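Okay, structure first, notes after.
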Amino acid sequence: MAVTTQEKKYASAHPDEKAGFSKKIMNLSGQGLVYIILIVGAVLFTAPWVWMISASFQPRGDMFNWPPTWWPEHFTLKNYQNFLDAAGIARWFLNSAIIAFSVVGLQVFFNSLAAYTFAKRNFPGRDAIFIFMLGTLMIPGVVFLIPNYIILQHIPLFGGNNILGQGGHGWLDSLIGLILPSAVSVWGIFFFRQYMKSIPDEMIDAARIDGASEFRIYWQIALPLSGPALAFNAISTFTWNWNDFFWPFLVISNPQLRTVQLGLALYVVKNRTAWDQVMAGSVLATLPVLLIFLIFQKYFIRGISLTGMK
Amino acid sequence: MAISTLEKPKRGKEPINWRYTFRQMRKQWSAYLFLSPWFIIFAIFTLFSVGFSFYLSFREWNILEPAKPFVGLDNYIRLFQDAQFYQSLRNTLLFTGFGVPLGMASALLVALLLNTKVHGQSLFRTLYYIPVITPLVVSAVIWKWMYQGDYGLINYYLLKLGLIHEKLLWLADPNLAMPALIVMGVWMGTGGTMVMYLAGLQAIPEELYDAAKVDGANGFQRMMYVTIPLLAPTTFYVLITSIIFSFQSFAHIYIMTNGGPLGRTTVIGYYMYQTGFRHFEMGYASAIAYILFAIIFVLTMLQMKFVKGDVQY
Amino acid sequence: MRKERSLVWAVMALLAVASMLIASCAPQATATQAPAATQAPATEAPAATEASATEAPAATEAPAATEAPAGAMDPAQFSPDIKVPDEQITLTFASWVHTGEADDAWEVMAKEFHDLYPNITIEFQDIPSEEMHDKLLTQIAANNAPDAAYIDSGTLGEFGLRGALVKLDDFISKSNVIKTDDYLPAFISAATVEDIYYGLPIDGETTGLFYRTDRFQEAGLDPNKPPTTWEEFQADAEKLTDVANKKYGYAVFATDYESSYYFLPWLWQAGGLVLNPDDPNDVIVDNEAGKKAADFYVNLKKYSPADLLNSNSYDGRTAFANGDVAMYMAGAWFAGTLLSEFPDATGKWAAAPLPQDQKCATTVASDDLVVFSGSKHPEAAYKWIEFVSAPDHMRELNLGTPDNPSTLLPPRQSLLNDPKTYENREVLKGFADAMKCAFIEPAVQPKYYVVDEALYQNLNKAFYGEFPDGGTAMEAAAKQAEENLKKP
């Protein structure tokens, strides 16, 4: 054996250096490949959205040129002017924001709280309840539309209802009616649970031994370590809620309570859609969601470590 | 008086030790408290709706009139003889069977790539998320253009590259419409699934990667032996949620092909909606919903048995 | 890091709480839509006399909607025998045509109505057209339906059959402005179910033939002579089709609802019917006339781009707008679409009535005003829809705005003969003639969707080559429809 122990040590400590130039090229082209894939993919993924932005600056007569024009021939701001001039636009955005922020705030708390019990606590019925919860997700939503509408209508002591829930319109036509039923989501609970399972049990047990209450363990250990899950819940709930059309559409009739999606839908009339306003409005409507995404995706950073827990 | 013990009874064929159970319940009372927000919402909304729709599945109801005559098992019997139901179920299984794995793979790929230190990581993540927020009508315009027979972009490139010799009718061909929609579905869903994976990737402790590096594992091996196994909880979530969504989705299908050609892309979600809201047969629609629930439930139980959902270090 | 996180927490919690507080203080549904503007004084002399329905509108017409003076119309002109309640009531009216802008004809009308009946206020519910059906269904199920609504005649048929709408016969008999014989027969017929009136038609359109004058010229055809018979149509389509060069004579759609809808005019023109007038469960689309029409229709596929088979008349519009397709069957709405979305094509196309065979026939697409059974004030609701249906009002509502002229026409004979109806919309004159050919099947079938489904499914199969010709498809369709009608 000609290799000395020193050489061996050198080899294992600095494998890349020893490998030399060819590996560096491999690395570089590997990275280059990654960028190429990402860029091509990004182009494919954003094409319709880019077209939408372009169309929003085109007059209606140019929008549907075939093949689609990607750069406006006759650049115009009229679509945006018309859209913003229409009465109540600001109100739409405000309503959507109120609903979305409330739901996200409530869900982030309630979902994680429930998930903690499934992930890290042991109590009778835990698995059965969890499976039951999952089961409720599997029933197709279309059968819930009419019953939930009727329930909202009969919530006692709201919207002119008496104690038996009769006479008025309950939580129909109200923002509360869109917020509270969505205050907890089994999808969210499920995701938080999966995430929290990765929190080392030792940490939790140590805290228990130290005498901390379950809520404190949740609040000071489990929740802070679940930053990425929180970000996920915030992003996906906000997106879903902001873009939700059909349920708010059924519940709301009062023009003052319209959300952005309801407002935009009014421009979509069968065979007579006001495309110019729809394009401009849709561009504006997607901006808040993008903003939320940009903000929260920063939290996708590693938080759980096996060492240094205290 | 027996000495009450806090030992957990052995698992197995022993009858439930109720005394122990109740004692545990009292001790862990705050667990039930933590679950109470879910339970309240569930009790008010879901419970009634589930009960009502289950009750409806044994009746007929045209929604416009209050009468709901009892028909026993007729709806279910009719379902088993309904050729359209079978066709939509078949279409849905095709859509799910191909769409879910493709969607998961593409989302995982993107998430892995965007979890490394690439320049513009935040920007790329946002760009890949954009299909999720692009309004469906807008996506439909561009995708219809891409799939068009005479002038579509896809045919143009395929012809140019010599991969095909005459134009393909993507959306008008009974055999190509479903694959075309599957691809579009994957495009629409990747961003959302990517976010799930991005979150899940953060739960993998750095130390494990370091340990693997020290053991001499290269990038690919690290991925196979550290990342993928430790993503199991997330993958489990993604699999279940993707299947449930896939079984119910119909909006993009409806807008692109209207369920055609020849009913080859009619999926069960649309069939249910059409039966209830367009044909005024809410009882029958409810029966379809419960059969669908049973199918999804069985599938999920099978998954839970065969796919590891937990993580072990 | 910790600090940053707890800051985010605090902010979110604050936002959630603040949002909930604002939400619970948000205005409830009792806010009325009554215009807050000051009412014009009631003593203003009217600038127009309200003509009764049977007369052509007098020369002293009220000016355009924005200038109509308020007040001083006489309730006696309308229906003095129908009593309005004494207390203050609000009527909810659902539609997709109300915009709430100052120049909106509906807003003006609501204001005038309120002046006429000061204790009735109209509250508009604006529902997107695609979802009107579903929303109404849900509201009816919860006994929460509006008092009145603007719906399409198809929905009227479905709802009327199932008792969701108020019968209007009695009200109409007491009305001075609603005379059923002033309405075009096919349109008023579409608002009835089993000879009972459930709605007042307010606007309508029919299907006509759009054709490219430039393509006609290219092919050596006279652009002022669109085909008027089936033979001419086929001959023209033949000349206009050159598949190798991506030029087509016609567009055929083989999708649900579309293929059957655009088959009906051909069927009726050949003297065929879908249902036996004496027995709605007898499907006669497979008789000689039906088969002849189906053979002709399915054969048109060779003049059409194969791509469009899985499309519909709206999405296929670009093919016509680009000149790829030379002839296109669509409703008057298509003219509006072409003018607003494809202004570059203006001057290169024209509209004409559909070609004829044994007779002329085209489809009826109409919107009707209805009153819901659950309404607490059916008389007041009727008064509103009657008010809106008065001839001058009806014409106003059908004009649209100067920027966005409507392609709808009022289904009243008197108005169709009045040139003022076509202000700004010359191209619709051709459609007015077509409207007189509008046809509606005499038989009433509650499960018509079963028959329609059998029709389009089998026609689609024929288009995709699964049947050798249209006639065979009709046999299969009749069989399938009759079998399915027998099931519960």
Could you give every pair whose Cβ atoms fall below 6 Å, whose first residue belongs to segment B:114-127 and is without any contact (Cβ under 8 Å) to a residue 12 or more places away in the chain and at the interface with another protein chain (Cβ under 7 Å from one of its Cβ atoms), and whose second residue is of a type in the set (A, V, I, L, M) and crowded, with 17+ Cβ neighbours inside 10 Å, counting only separations of at least 6 or pairs across chains?
B:Phe124/A:Leu38; B:Phe124/B:Leu114; B:Leu127/A:Ala42
Per-region count, segment B:97-120, residues surrounded by 17 or more Cβ atoms within 10 Å (Cβ to Cβ), under 27 Å from A:Leu28 (Cα atoms) and not aliphatic (A, V, I, L, M)
2
Meets criteria (surrounded by fewer than 21 Cβ atoms within 10 Å (Cβ to Cβ), without any contact (Cβ under 8 Å) to a residue 40 or more places away in the chain and under 27 Å from the mean Cα position of the chain (by Cα)) for C:Asn322:
yes
Inside segment C:93-109, can you point out the residues that are closer than 20 Å to C:Gly199 by Cβ and within 14 Å of chain A (Cβ to nearest Cβ)?
C:Phe93, C:Ala94, C:Ser95, C:Trp96, C:Val97, C:His98, C:Trp106
Take the residues in segment A:194-209 that are crowded, with 24+ Cβ neighbours inside 10 Å and assigned to a helix (DSSP H, G or I); name whichever of them is farthest from the other protein chains (Cβ to nearest Cβ).
A:Met196
Could you grab me the full set of residues in segment A:253-269 that are over 14 Å from A:Leu94 (Cα atoms) and outside any helix (DSSP H, G or I)?
A:Ser253, A:Asn254, A:Leu266, A:Tyr267, A:Val268, A:Val269
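Tell me which residues, restricted to segment A:82-101, are within 16 Å of the chain's Cα centre (by Cα), within 10 Å of chain C (Cβ to nearest Cβ) and closer than 17 Å to A:Trp247 by Cα.
If the condition is that a residue be within 16 Å of the chain's Cα centre (by Cα), within 10 Å of chain C (Cβ to nearest Cβ) and closer than 17 Å to A:Trp247 by Cα, then A:Ala97, A:Ile98, A:Ile99, A:Ala100 are the ones that fit.
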Restrict the check to segment B:209-226 and report whether at least one residue is more than 9 Å from every other protein chain (Cβ to nearest Cβ) and within 18 Å of the chain's Cα centre (by Cα).
no
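Report yes if A:Leu250 is within 11 Å of chain B (Cβ to nearest Cβ) and outside any loop (DSSP other than H, G, I, E, B), otherwise no.
no
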Single unsatisfied condition, B:Val137 versus (1) under 26 Å from the mean Cα position of the chain (by Cα); (2) within 14 Å of chain C (Cβ to nearest Cβ); (3) not in a helix (DSSP H, G or I):
(3)
Checked segment A:112-132 for anything assigned to a helix (DSSP H, G or I), more than 13 Å from chain C (Cβ to nearest Cβ), within 21 Å of A:Ile199 (Cα to Cα) and not acidic (Asp, Glu); matches are A:Leu113, A:Ala114, A:Ala115, A:Tyr116, A:Thr117, A:Phe118, A:Ala119, A:Lys120, A:Arg126, A:Phe130
List the number of the failed condition for C:Asn424; all other conditions in (1) outside any helix (DSSP H, G or I); (2) in the same structural domain as C:Asn299 (by TED's automatic domain parsing) hold.
(2)
Across segment C:112-127, what is the total count of residues that are within 30 Å of A:Gln261 (Cβ to Cβ) and buried (at least 19 other Cβ atoms within 10 Å of the Cβ)?
6
Cross-chain or 6+ apart pairs with Cβ under 8 Å, segment A:167-178 first and facing chain C (nearest Cβ under 9 Å) and small (Gly, Ala, Ser), then in a loop (DSSP other than H, G, I, E, B) and surrounded by fewer than 24 Cβ atoms within 10 Å (Cβ to Cβ):
A:Ser174/A:Phe158; A:Ser174/A:Gly159; A:Ser174/C:Ala26; A:Ser174/C:Gln28; A:Ser174/C:Ala29
Quick check on segment B:40-64: of everything there that is assigned to a loop (DSSP other than H, G, I, E, B) and facing chain A (nearest Cβ under 9 Å), which residue is farthest from C:Gln139 (Cα to Cα)?
B:Ser57
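Yes or no, residue by residue, for (1) closer than 30 Å to C:Pro378 by Cα; (2) in contact (Cβ under 8 Å) with a residue 12 or more places away in the chain; (3) among the polar types (S, T, N, Q):
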site	(1), (2), (3)
C:Val193	yes, yes, no
C:Gly199	yes, yes, no
C:Gly204	yes, yes, no
C:Thr207	no, yes, yes
C:Thr213	no, yes, yes
C:Gly220	no, yes, no
C:Asp242	no, no, no
C:Asn245	no, no, yes
Which one of the conditions (1) outside the structural domain of C:Leu156 (by TED's automatic domain parsing); (2) buried (at least 19 other Cβ atoms within 10 Å of the Cβ); (3) out of contact with any helix residue (DSSP H, G or I) (no Cβ under 7 Å at 6 or more places or on another chain) does C:Gly465 fail to meet, given that it meets all the rest?
(2)
Does segment B:227-244 hold any residues that are surrounded by fewer than 20 Cβ atoms within 10 Å (Cβ to Cβ), under 16 Å from the mean Cα position of the chain (by Cα) and among the hydrophobic types (A, V, I, L, M, F, W, C), and which are they?
B:Leu239, B:Ile243
Going through segment C:119-132 one residue at a time, which ones are within 18 Å of A:Lys270 (Cβ to Cβ) and either without any contact (Cβ under 8 Å) to a residue 24 or more places away in the chain or assigned to a loop (DSSP other than H, G, I, E, B) (or both)?
C:Ile127, C:Pro128, C:Glu130, C:Glu131
Does A:Gln107 satisfy the criteria of being polar (S, T, N, Q), over 26 Å from the mean Cα position of the chain (by Cα) and buried (at least 17 other Cβ atoms within 10 Å of the Cβ)?
no
Within segment C:223-248, restricting to residues that are of a type in the set (Ser, Thr, Tyr) and more than 25 Å from C:Asp307 (Cα to Cα), the one that is surrounded by the most Cβ atoms within 10 Å (Cβ to Cβ) is C:Thr228
I'm trying to understand the selection: among the residues of segment A:110-143, which are surrounded by 21 or more Cβ atoms within 10 Å (Cβ to Cβ) and aromatic (Phe, Trp, Tyr)?
A:Phe110, A:Tyr116, A:Phe118
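When the residues of segment C:97-108 are filtered to those that are among the hydrophobic types (A, V, I, L, M, F, W, C) and in contact with a helix residue (DSSP H, G or I) (Cβ under 6 Å, 6 or more places away or on another chain), which remaining residue is surrounded by the fewest Cβ atoms within 10 Å (Cβ to Cβ)?
Looking at residues that are among the hydrophobic types (A, V, I, L, M, F, W, C) and in contact with a helix residue (DSSP H, G or I) (Cβ under 6 Å, 6 or more places away or on another chain), I get C:Val108.
The rows are residues; the columns are (1) modelled with pLDDT of 90 or more; (2) away from chain C (no Cβ under 14 Å); (3) in a loop (DSSP other than H, G, I, E, B).
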position: B:Pro131; (1), (2), (3): yes, yes, no
position: B:Ile142; (1), (2), (3): no, no, no
position: B:Ile154; (1), (2), (3): no, no, no
position: B:Leu163; (1), (2), (3): no, yes, yes
position: B:Asn175; (1), (2), (3): yes, no, yes
Those residues of segment B:148-178 which are free of Cβ contacts under 8 Å to residues at least 60 places away in the same chain and closer than 26 Å to B:Phe250 by Cα amount to B:Gln148, B:Gly149, B:Gly152, B:Leu153, B:Ile154, B:Asn155, B:Leu168, B:Leu169, B:Trp170, B:Leu176
When you go through (1) surrounded by 20 or more Cβ atoms within 10 Å (Cβ to Cβ); (2) at pLDDT 90 or above; (3) at the interface with another protein chain (Cβ under 8 Å from one of its Cβ atoms) one by one for B:Thr193, which number turns out not to apply?
(3)
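The values are calculated or read from the model by the stated rules, or taken from the named source; none is laboratory data. What you see is a predicted model, and the numbers here were worked out from it, not measured in a lab. Don't worry about glycine lacking a Cβ; one is built from the backbone with ideal geometry, like all the others, and counts go over all protein chains shown.
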